[in-house]
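Asker: Take this structure, written in structure tokens, and hold onto it; I'll ask about it next.
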Amino acid sequence: MSETVTPNGFRLDDSGQRVVVDPICRIEGHLRIEVNLDDSNVIQNAVSTGNMWRGLEVILKGRDPRDAWAFVERICGVCTGVHALSSVRAVEDALGIQIPENANHIRNLMMLAQYTQDHLVHFYHLHALDWVDVVSALDADPKATSVLMQSISSWPKSSPGYFRDIQARVKRFVESGQLGPFSNAYWGSPAYKLPAEANLMAVAHYLEALDFQREIVKIHTIFGGRNPHPNWLVGGMPCSFSLNETGGINMEWLNLVSSIIDRSIEFIDQVYIPDLKAIASFYTEWTYGGGLSSKNLLSYGDFPNVANDWSQENMLLPGGAIIGGDLSTVHEVDVRDPEQIQEFVNHSWYTYPDESKGLHPWDGITEPRFELGPNAKGTKTNIEQLDEGAKYSFVKAPRWRGHAMEVGPLARYVIAYARGEEEIKAQVDGLLRDLGLPLEALFSTLGRTAARGLECSWAAHKMRTVFDNMMANLKAGDTATANMDNWEPDTWPAEARGVGPVEAPRGALGHWIHVKDTRIENYQAVVPTTWNASPRDPEGNIGAYEAALLGTPMANADQPLEILRTLHSFDPCLACSTHVMSPDGEELATVKVR
Amino acid sequence: MSIQQTFYEAMREHGITRRSFLKFCSLTAAGLGMGPEFAGKIAHALETKPRTPVIWLHGLECTCCTESFIRSGHPLAADVILSMISLDYDDTIMAAAGHQAEEILEQTVEKYDGNFILACEGNPPLNEDGMYCIQAGKPYIEKLRHMADHCKAIIAWGSCASWGCVQAAKPNPTRAVPIHKVITDKPIIKVPGCPPIAEVMTGVITYMLTFDRFPELDRQGRPKMFYSQRLHDKCYRRPHFDAGQFVERFDDEGARKGYCLYKVGCKGPTTYNACSTVEWNGGLSWPVKSGHGCLGCAEDNFWDRGSFYSAVTNLNVPGGVEATADKVGAVLAGAAAVGVAAHAAASVISHTKDSNKGDSSHE
């Protein structure tokens, strides 16, 4: 290859030093990245490889569609619940089931709680260590840290004594000589820019956030029985309201939900958002990682205000597609149109009869074919270097009207901004004003990280709106949570197809189902990380991860800190991204239902 | 099985001199940008109060076990990680990546050979030479075998590592297998569930650290303190089962009154786990309490035991504390209520037969 320009406008050059990072840690699942650096240690080529495949959709073939949510929920325990929601929506769509208003409110509440918890944990526990030097916190003056904290937030845990205690704890930990998960990292790298006091503040909040996230998910426990992996139901939700009986959701639990919402808003707005702004203010010159974000963005839109109305006007967070960076037009996305969403596999470890063409998920085929290209180095079971000219990932390449797309919080925020959504615009403009940055600054690693923070705050506040709407509905006398009219298979059509679009925390998620003779005939999931971690397609377009890494200078070729920053800004989830369904492939053994 | 050994003792056992040990401490301090006085403190800590090293590997899985672990309220996950164990490798949360991460594995083998705990989340696939789960360019099973060779004991977290779980459901396209199928020469404690309860996970760890041994295990390798009773045995809806009061369909009058979920598919009568006693997320609730039947997620092969909404028909579990459910229902309900209980049992059976017929006609 040496030097080439992709159809989506990125210059690739693989002539320089090849650096392999495997595993990429602080993500869900198994991901490998290879890059080529030029003489100045700037990334000139990037290769993203999904390292795992589980075959969940093969496993679903022949099963009861009402059971599918439980199987697919296990696609991912980090974004727990999102696949279950996509699945029950797809089945309801196929079977023509309308859900009660309360079920819609509860589902929205559970998803908003998921956004709040997942974004919070991502920022502090999966991403912060790319910006925060834990060991440097030992040099901080606790009193100055207190002054810093009190200057940016009214959060009560901000006294010099509090930070002194945290620092002493970190000191004891470091002095133990056993650094545990902080071993062998990049502490002291010149890429870290925070003063010691900001590092200490962030370390304190790393611990506080780890404690607080347990509270947010209790909303799942109340409505779904537990977290991770709460329970869902085709036709509504499995919980019942018992406002005058003993046995279901009562006033005490509703009060707990309300209290969790209030505390979530406080924590996000008084800890996460001030930290995000403080940390970002030291990295405004680190402008890398934009990739596809200034070009092609996709969101399905989500959080229906009224149940069963899928128009974008009814969505609390409406979606669409932006192409070529033209914010003046938000294109409508039709997840049913076979010409719009298609998956390609000519660079993926699967095979199609004709790999020059893509397939819509309802017609999806996936037959695994693990093989290395002629230019790969090493052996089949000891890969030293991949050949991106051939197949190189267990992730397929999804495209919208042929375009590689970025999905996730930044995509949702730019699309909502372009649609003129007032709340979102105010949040974005406010942040940019505080940091003294132009709108273009959004199209970067930091922009992605900032959008996730803003969305976390939005989600926490929206829980209040949705909860209040649910209470108003209950007050009006509607307590139904499930519509069981079409529960029995003898009420179903002989054959039906359905789709369940969801905006998961990591981006656009869709499950496509084909039900035949009351059993699952075909099941396909196209998930956020499939879009973002996508390998190349037959035209040579690169995906969002690959595009975002290009042009980034590395302080030290041997320390992948900058690569981690940009990848983490997407919040990769690899268990989600790799899937398979083979309508003509392996025959499923008969499922014995006792 | 003694777990505790100081780092210094471990090094001496491997022929490392005190001089080399002190040099190691100086290098560690220098690596952190600290002065020589820090080296002395590190040496003192490593000689006297080591935290047990834990290597936490991830195979084919969904990370729900890790997510559950960090929900633990007592002890807090932060306290476990910072004060009780030394979580030296866990790719989900560790700061390092790439070769800096993988180096830690070799350092651990070198420093703590035979003295670290291997915590396994997920399982290895055997098809395609193991390459359906690739880590650092190699099949995951190689890493698993290598670390297992050098560990003291293994914790099999969750149903993937304990039984196989969802990727091993029929037809198991990747041939994913539980840990005990490939590691046969090390003690393994199974902590099943999809995921296991957070406080069960931290309870197992703290038991091992406190008593310096595995908790007592049942014949299948599960800790008896959490897995020796069925959910049904301690279920708060149990009186309704005994009285023959059942939810007939979701959100009906029975559902709103908290009746038994047996007829809508609850697997509580055949599932051994601590949900009905420990409960979830700080003891707030659990699946049956919230209104959905138990999926049976702590049981071997629970994905292939029929629909989650079909009532279980055989409650006669060998070694259990009961005979069959209808007998128990009849005995507990007493003579006056025998008619009701018998009716309930009969309606359960006839309902099940109907749904069996319905289901099998579609196969």
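The values are calculated or read from the model by the stated rules, or taken from the named source; none is laboratory data. The shown structure was predicted, so the numbers you read here are calculated from the model rather than taken from an experiment. Virtual Cβ from ideal backbone geometry, glycine too; neighbours counted across all protein chains shown.
Asker: Looking only at segment B:68-77, decide whether some residue is under 23 Å from B:I154 (Cβ atoms), surrounded by fewer than 21 Cβ atoms within 10 Å (Cβ to Cβ) and modelled with pLDDT of 90 or more.
Answerer: yes
Asker: Further question: What number of residues within segment B:148-193 satisfy the criterion of being at positive phi and aromatic (F, W, Y)? Don't jump to the end; show me each part of the working.
Answerer: Filtering segment B:148-193 for residues at positive phi gives B:158, B:164-165, B:172, B:175, B:193.
Retained after the next criterion (residues that are aromatic (F, W, Y)): none.
Matching residues across segment B:148-193 total 0.
Asker: Counting just the residues of segment B:276-296 that are out of contact with any Gly (no Cβ under 9 Å at 6 or more places or on another chain) and more than 18 Å from B:F241 (Cβ to Cβ), which one comes out nearest to the other protein chains (Cβ to nearest Cβ)?
Answerer: In this case the residue turns out to be B:L284.
Asker: Of the residues A:G81, A:G96, only one is at positive phi and either within 14 Å of chain B (Cβ to nearest Cβ) or hydrophobic (A, V, I, L, M, F, W, C) (or both); which?
Answerer: Testing whether each residue is at positive phi and either within 14 Å of chain B (Cβ to nearest Cβ) or hydrophobic (A, V, I, L, M, F, W, C) (or both) leaves just A:G81.
Asker: Return a yes/no flag: does segment B:156-166 have any residue that is surrounded by fewer than 20 Cβ atoms within 10 Å (Cβ to Cβ), modelled with pLDDT of 95 or more and either under 30 Å from B:R305 (Cβ atoms) or more than 11 Å from every other protein chain (Cβ to nearest Cβ) (or both).
Answerer: Just the residues of segment B:156-166 that are surrounded by fewer than 20 Cβ atoms within 10 Å (Cβ to Cβ), to begin with: none.
There is no residue in segment B:156-166 that is surrounded by fewer than 20 Cβ atoms within 10 Å (Cβ to Cβ), modelled with pLDDT of 95 or more and either under 30 Å from B:R305 (Cβ atoms) or more than 11 Å from every other protein chain (Cβ to nearest Cβ) (or both).
Asker: Another question, then. When residues of segment B:297-316 are filtered for being more than 8 Å from every other protein chain (Cβ to nearest Cβ) and among the acidic types (D, E), how many remain?
Answerer: Adding up the residues that qualify gives 2.
Asker: Report those helices (runs of 4 or more DSSP H) wholly inside segment B:120-217 carrying at least 2 residues which are without any contact (Cβ under 8 Å) to a residue 40 or more places away in the chain.
Answerer: Of the helices (runs of 4 or more DSSP H) lying wholly inside segment B:120-217, those with at least 2 residues that are without any contact (Cβ under 8 Å) to a residue 40 or more places away in the chain span B:140-150, B:198-211.
Asker: I would also like to ask the following. Give segment A:76-103 a look and list any residue that's polar (S, T, N, Q) and either assigned to a loop (DSSP other than H, G, I, E, B) or within 19 Å of the chain's Cα centre (by Cα) (or both), or say none. If you could, list the steps in order and put the result at the bottom.
Answerer: Just the residues of segment A:76-103 that are polar (S, T, N, Q), to begin with: A:80, A:86-87, A:98, A:102.
Matches in segment A:76-103: A:T80, A:S86, A:S87, A:Q98.
Asker: Please list, ordered by first then second residue, the pairs with beta carbon atoms under 6 Å, 6 or more apart or interchain, first in segment A:175-192 and under 18 Å from A:L126 (Cβ atoms), second in a loop (DSSP other than H, G, I, E, B) and among the acidic types (D, E).
Answerer: Close Cβ pairs (under 6 Å, with a partner that is in a loop (DSSP other than H, G, I, E, B) and among the acidic types (D, E)) amount to A:W187/A:D133; A:Y192/A:D133.
Asker: Can you tell me which condition A:T366 does not meet? The list is (1) over 16 Å from A:S48 (Cβ atoms); (2) over 25 Å from the mean Cα position of the chain (by Cα); (3) among the β-branched types (V, I, T); (4) crowded, with 19+ Cβ neighbours inside 10 Å, and all the others hold.
Answerer: (2)
Asker: Assuming A:H125 fulfils every condition listed in (1) farther than 15 Å from A:V271 by Cα; (2) touching a residue at least 60 places away in the same chain (Cβ under 8 Å) apart from one, which condition is it?
Answerer: For A:H125, the exception is condition (1).
Asker: Just checking, how many residues over segment B:44-60 are within 7 Å of chain A (Cβ to nearest Cβ) and closer than 26 Å to A:L31 by Cα?
Answerer: 1
Asker: A follow-up question, please. Do you know which residues across segment A:227-249 are out of contact with any helix residue (DSSP H, G or I) (no Cβ under 6 Å at 6 or more places or on another chain) and more than 18 Å from B:C260 (Cα to Cα)?
Answerer: Selection gives A:G235, A:L243, A:N244.
Asker: Got at least one residue in segment B:115-135 being among the aromatic types (F, W, Y), more than 18 Å from A:L574 (Cβ to Cβ) and more than 7 Å from chain A (Cβ to nearest Cβ)?
Answerer: Yes, there is a match, as at least one residue in segment B:115-135 is among the aromatic types (F, W, Y), more than 18 Å from A:L574 (Cβ to Cβ) and more than 7 Å from chain A (Cβ to nearest Cβ).
Asker: With the checklist (1) among the hydrophobic types (A, V, I, L, M, F, W, C); (2) surrounded by 24 or more Cβ atoms within 10 Å (Cβ to Cβ); (3) under 21 Å from A:H568 (Cα atoms) in hand, flag the one item A:V121 doesn't pass.
Answerer: Here A:V121 clears every test but (2).
Asker: Scanning segment B:73-108 for residues that are in contact (Cβ under 8 Å) with a residue 60 or more places away in the chain and facing another protein chain (nearest Cβ under 8 Å), which turns out farthest from A:E562 (Cα to Cα)?
Answerer: Applying the filter and picking the extreme gives B:G73.
Asker: Being more than 22 Å from A:L112 (Cβ to Cβ), in a strand (DSSP E or B) and either of a type in the set (D, E) or free of Cβ contacts under 8 Å to residues at least 40 places away in the same chain (or both) is the filter here; which residues of segment A:477-528 pass it?
Answerer: A:E495, A:K516, A:E521
Asker: Could you grab me the full set of residues in segment A:322-345 that are crowded, with 20+ Cβ neighbours inside 10 Å and farther than 22 Å from A:Y523 by Cβ?
Answerer: Of everything in segment A:322-345, those that are crowded, with 20+ Cβ neighbours inside 10 Å and farther than 22 Å from A:Y523 by Cβ turn out to be A:I322, A:V330.
Asker: Looking only at residues in segment A:551-580 that are within 27 Å of A:G510 (Cα to Cα) and small (G, A, S), which one is farthest from the other protein chains (Cβ to nearest Cβ)?
Answerer: That would be A:S569.
Asker: Does segment B:220-237 contain at least one residue that is within 13 Å of chain A (Cβ to nearest Cβ), within 19 Å of B:S159 (Cβ to Cβ) and free of Cβ contacts under 8 Å to residues at least 60 places away in the same chain?
Answerer: no
Asker: When segment A:469-491 is examined, which residues are found to be more than 14 Å from chain B (Cβ to nearest Cβ) and touching a helix residue (DSSP H, G or I) at 6+ places or on another chain (Cβ under 9 Å)?
Answerer: Of segment A:469-491, the ones more than 14 Å from chain B (Cβ to nearest Cβ) are A:469-473, A:475-477.
Within segment A:469-491, A:N469, A:M470, A:M471, A:N473 qualify.
One line per residue, one yes/no per condition, for (1) crowded, with 19+ Cβ neighbours inside 10 Å; (2) at the interface with chain B (Cβ under 9 Å from one of its Cβ atoms); (3) in contact (Cβ under 8 Å) with a residue 40 or more places away in the chain:
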site: A:G16; (1), (2), (3): no, no, no
site: A:N36; (1), (2), (3): yes, no, no
site: A:T49; (1), (2), (3): yes, yes, yes
site: A:R63; (1), (2), (3): yes, yes, yes
site: A:R66; (1), (2), (3): yes, yes, yes
site: A:R74; (1), (2), (3): yes, yes, yes
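Asker: Is it the case, given these coordinates, that A:I279 is more than 21 Å from A:I99 (Cβ to Cβ) and within 14 Å of another protein chain (Cβ to nearest Cβ)?
Answerer: Considered against the rule, which asks whether it is more than 21 Å from A:I99 (Cβ to Cβ) and within 14 Å of another protein chain (Cβ to nearest Cβ), A:I279 comes out as no.
Listed here are the residues, each with its yes/no results for (1) of a type outside the set (K, R); (2) within 9 Å of chain B (Cβ to nearest Cβ); (3) surrounded by fewer than 15 Cβ atoms within 10 Å (Cβ to Cβ).
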{"site": "A:S240", "(1), (2), (3)": "yes, yes, no"}
{"site": "A:E252", "(1), (2), (3)": "yes, no, yes"}
{"site": "A:V257", "(1), (2), (3)": "yes, no, no"}
{"site": "A:E285", "(1), (2), (3)": "yes, no, yes"}
